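The values are calculated or read from the model by the stated rules, or taken from the named source; none is laboratory data. Computed from a predicted model, the values in this text were never measured in an experiment. Cβ: placed from backbone, ideal geometry, glycine included. Neighbour counts: every protein chain shown.
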Amino acid sequence: MAKSISNKDKQLFLKRALLAADWYVNSQLKLDRVWKGDNFRYLYYYFMPKKLWVPGLNGTHGRALFVLSEAYKLTKDTKYTDSMNIAMRFCKALQPLDPYYQVTYGSIREFIPQSDVGGVLDGAQLASGFLMYHKVTGCPDALRRGRAFCDFMARNWRKDVGLPSFANYFPEKLIYLTPDQPWNCIHNASAIPFWHLYCITGEGKYVPYLLDSADRIIKCQRDDGGIYFGEDITKVKKLEFNHHWGLGDTIEEKCLLRNDDGIVTVVLAAYKVSNDEKYLNAMVRYADWTIKNEPHERPYNAFGIQAANVLDVGKVSGRKYYTEWVMDNVHKHCLKLQALKTGDPMAEGGFRGEDEEGKAGIFGGDALDYVPNRNTCYMAGLLYRLSGKGTGAGFSVFGLG
C-alpha cells in the first residue's frame, strides 16, 4: 500500500511552490526607462554570481503564467495577478492578430515582437498560459488569444506530418518536421492547448488534432516504455547532451527523452476524451520505465516533469504507489536545487541547474550558478501536486482543476 504524504510535508511542498511563484514576481523585469523593451518580461535564466540575466521568450512566459495562475488560485494574493497583468502586455505583443497575414494569424513569435520566427511548441506553452490566465481572471481577450493559437495550429495541420513546427514571418512560411528529425516527438506537446481550450469551452473541433498528436507520440515509444525523441532514429549518428536527451553510451540511449516538455499531458488527455486504453497503457509503461531508469542528476530540470508525469499517470490509472518513487527522490532532485537564503530577489525561490549550454550557461561558471525558468516551472508544478492543493496547471491533464 502506498505511503501517504504527511500534512507537514504537504505544507512544506506548498510553501516551496509559492516561493517559486514569488521568484517570478520578484525577478520580473521592471526597468528604469519606459523605452526599454524588456520591461515586464520574465527571465529565461539568472546567473547568481554576477547578477546577470537573459530575458524570457514566448514559452518562458507561458510557464510563468502556469505557476502564477496556480499561486493566485490557491492564495488569492493579488501580487500574482498584478505580475501577470503587466506581463501580458509583452505576451500580447508577441501574437500577430492582423487578418492581413492569413498564414501566421494567431501564431506566437519566439523572442520579441519583431522576431522572424515562432516555434510552435514554445508558442503553445504561452497559448496554454493565456488559457490559465483566463481561468483565474476571466479575461476574455486571453481566451480569444488561446483560441486563435489553436485555430492557427488546426488550420495548418497536415495529414502526413501533423502540426506545423515553425512559423516564419518575413515572408510568411510554415515549416514541418518529418519522422526522422529530432524534436519530432516532443513537438506534439504543442497540442496541449487544444485540451485546455476543450476543457474550458467544450469545443470538440479540436479533439481530432489532439488525438492525432497523441498517436504520433506513442509511435515514438519503444518496447520497454521509454520514448525516443522521434519516430525514426535510424539515421542518427551522433547526438550531444542537452536538457531533453543525450544521456547514455549508445545512440539508442542518447535518443531517449528525459525532459519531455509535457507529452504525457497530451496522451492522458487523449485517453480522457476517447476512453481508448492504448493511450493509458502507453503512459503506464512510460511511468514504469521512468521509475525503473530515472532520475539522473542531469538534466537538472528533468525530475520535475518526470515526477509530475508519474503522479498524473498514477492518478488517472489508480496506481497510488507511484507516489513512493516521487517521495524517495524529491528532496535530492527537487528541494535541494531551490535557491534559498540568497539575499538576492532575482534568485530567491527559483530552482537551479542549467543544461542547455553544457556545463553552464552563456555567462560561464557552473550549471548550479543558474536559476532557469524551466526548472522553476517544472518543480513548482510538481510541488503543487504534492501539496495536495494544486495540479500543475498548463503541464497537467487536470489544468487548474
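Data for the structure
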| quantity | calculated |
| --- | --- |
| In region 260-280, residue surrounded by the fewest Cβ atoms within 10 Å (Cβ to Cβ) [restricted to those that are part of a loop (DSSP other than H, G, I, E, B) and touching a residue at least 60 places away in the same chain (Cβ under 8 Å)] | D260 |
| Residue among I218, I227, I233, I200 that is closer than 22 Å to D355 by Cβ, aliphatic (A, V, I, L, M) and at pLDDT 95 or above | I227 |
| Selection count, region 273-331, where residues are among the hydroxyl-bearing types (S, T, Y) and at positive phi | 0 |
| Region 144-164 - residue that is in contact with a Ser or Thr (Cβ under 8 Å, 6 or more places away or on another chain) and assigned to a loop (DSSP other than H, G, I, E, B) and, of those, nearest to E110 (Cα to Cα) | L163 |
| Residue match in region 13-29 (condition: touching a residue at least 24 places away in the same chain (Cβ under 8 Å), more than 15 Å from T376 (Cβ to Cβ) and among the aliphatic types (A, V, I, L, M)) | yes |
| Where Q11 falls short, out of the listed (1) within 17 Å of the chain's Cα centre (by Cα); (2) surrounded by fewer than 14 Cβ atoms within 10 Å (Cβ to Cβ) | (1) |
| Qualifying position, being among the aliphatic types (A, V, I, L, M) and surrounded by fewer than 17 Cβ atoms within 10 Å (Cβ to Cβ), among V236, V207 | V207 |
| Single condition D180 does not satisfy, out of (1) in contact with an Asp or Glu (Cβ under 7 Å, 6 or more places away or on another chain); (2) farther than 25 Å from E294 by Cβ; (3) not in a loop (DSSP other than H, G, I, E, B); (4) not basic (K, R) | (3) |
| Residues satisfying the stated conditions in region 315-354, i.e. in contact with a Gly (Cβ under 9 Å, 6 or more places away or on another chain), crowded, with 20+ Cβ neighbours inside 10 Å and not in a helix (DSSP H, G or I) | C334, Q338, A339, F351, E354 |
| Residues satisfying the stated conditions in region 154-176, i.e. in contact with a Phe, Trp or Tyr (Cβ under 7 Å, 6 or more places away or on another chain) and closer than 16 Å to Y209 by Cα | A154, W157, R158, V161, L163, P164, S165 |
| Selection status of K254, closer than 30 Å to F152 by Cα and surrounded by 14 or more Cβ atoms within 10 Å (Cβ to Cβ) | no |
| Test for N301: is it under 19 Å from L386 (Cβ atoms), touching a helix residue (DSSP H, G or I) at 6+ places or on another chain (Cβ under 6 Å) and in contact (Cβ under 8 Å) with a residue 12 or more places away in the chain | yes |
| Tally, over region 277-309, of residues that are of a type in the set (A, V, I, L, M, F, W, C) and within 25 Å of T60 (Cβ to Cβ) | 5 |
| Among residues of region 191-201, those that are surrounded by fewer than 24 Cβ atoms within 10 Å (Cβ to Cβ) and either of a type in the set (A, V, I, L, M, F, W, C) or farther than 20 Å from F152 by Cβ (or both), counted | 2 |
| Where P179 falls short, out of the listed (1) farther than 30 Å from Q114 by Cβ; (2) in contact with a helix residue (DSSP H, G or I) (Cβ under 7 Å, 6 or more places away or on another chain); (3) crowded, with 16+ Cβ neighbours inside 10 Å | (2) |
| Failed item in (1) touching a helix residue (DSSP H, G or I) at 6+ places or on another chain (Cβ under 7 Å); (2) closer than 20 Å to Q221 by Cα; (3) crowded, with 18+ Cβ neighbours inside 10 Å, with R285 passing the rest | (1) |
| Number of the exception - R16 against (1) under 30 Å from V120 (Cα atoms); (2) over 17 Å from the mean Cα position of the chain (by Cα) | (1) |
| The listed residue being of a type in the set (F, W, Y) and either crowded, with 21+ Cβ neighbours inside 10 Å or farther than 18 Å from Q125 by Cβ (or both), out of F398, F363 | F363 |
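This table checks each residue for (1) assigned to a strand (DSSP E or B); (2) under 26 Å from K315 (Cβ atoms); (3) charged (D, E, K, R); (4) within 22 Å of the chain's Cα centre (by Cα).
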{"site": "L197", "(1), (2), (3), (4)": "no, yes, no, yes"}
{"site": "Y209", "(1), (2), (3), (4)": "no, yes, no, yes"}
{"site": "D212", "(1), (2), (3), (4)": "no, yes, yes, yes"}
{"site": "E253", "(1), (2), (3), (4)": "no, no, yes, no"}
